[in-house]
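Please read the structure below before turning to the comments.
No value in this document is a laboratory result; all are computed from the given coordinates. The model shown is predicted, which means the values in this text are computed figures rather than measured ones. Using ideal geometry, Cβ is built from the backbone for each residue, glycine included, and neighbour counts are taken over all protein chains shown.
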Amino acid sequence: MEARAKAQHIRISSRKVNIVIDLIRGKKIGEAFAILKHTPKAASVILEKLLKSAVANAENNHEMNVDKLYISEVFATQGPTLKRFRAASHGRGVKILKRTSHITLAVKEKE
């Protein structure tokens, strides 16, 4: 049995999120919260909220023991890209890609 939490259309590149994801994959919940709290990346705030949501889902919907939970699966995939233009020299326009990501986090109970 596992509990999941999903955040979609987050305005941060999935490459930047994956840096923080690699730090918490497979860790216990308490350890993961400590890592996210002390990581100076924008993605750590988003992942901390998502982890709280997954833990709440596990506790309330699946009646799991919070003390035995660990992060079983976490990944970020690329979402839709917002395309914008910025003025450049000689009357040109330069394309700016504002990337988004979908983040999925699952927790399981350790046997």
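At a glance:
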| item | result |
| --- | --- |
| Neighbour-count order for VAL94, VAL45, VAL74, fewest beta carbons within 10 angstrom listed first | VAL94, VAL45, VAL74 |
| Within the chain, helix-based [θ] at 222 nm, where runs of 4 or more DSSP H residues each add -39,500 (n - 2.57), nearest 500 | -11000 deg cm²/dmol |
| For the stretch 2-109, alpha-carbon Rg over 2.2 N^0.38 Å | 1.30 |
| Whole-number D in µm²/s for the stretch 1-41 (Stokes-Einstein; Kirkwood sum over Cα pairs; 25 °C, 0.890 mPa s) | 210 |
| Sequence-distant lysines (8 or more away, or on other chains) whose Cα lies within less than 23 Å of LYS52 | LYS6, LYS16, LYS27, LYS28, LYS37, LYS41, LYS68, LYS108, LYS110 |
| Dipole moment magnitude, nearest 20 debye, the stretch 23-65 about Cα centre, only Lys, Arg, Asp, Glu C-beta charged | 240 |
| Positive-end extreme of charge dipole, the chain - chosen from PRO80, HIS38, ASN65 (charges on Cβ) | PRO80 |
| Relative contact order, percent, the chain [alpha-carbon distance under 8 Å, six or more residues apart] | 42 |
| Most mobile of ASN57, ASN18, ASN65 in a GNM of the chain (Cα contacts under 10 Å) | ASN65 |
| J(HN,Hα) series, the stretch 62-71, from Karplus relation 6.51 cos²θ - 1.76 cosθ + 1.60, nearest Hz, glycine and proline x | 10, 6, 8, 7, 5, 5, 9, 7, 9, 7 |
| Cβ-based exposure ranking for LEU50, LEU105, LEU97, in which fewest neighbours within 10 Å come first | LEU97, LEU50, LEU105 |
| Degrees separating the helix 42-60 axis from the principal Cα axis of the chain, which is the longest one | 30 |
| Approximate spin-label separation LYS68-THR81, in nm, with each point projected 7 Å along Cα-to-Cβ | 4.5 |
| Student exercise, the chain dipole from Lys, Arg, Asp, Glu Cβ charges, in Debye to nearest 20 | 1100 |
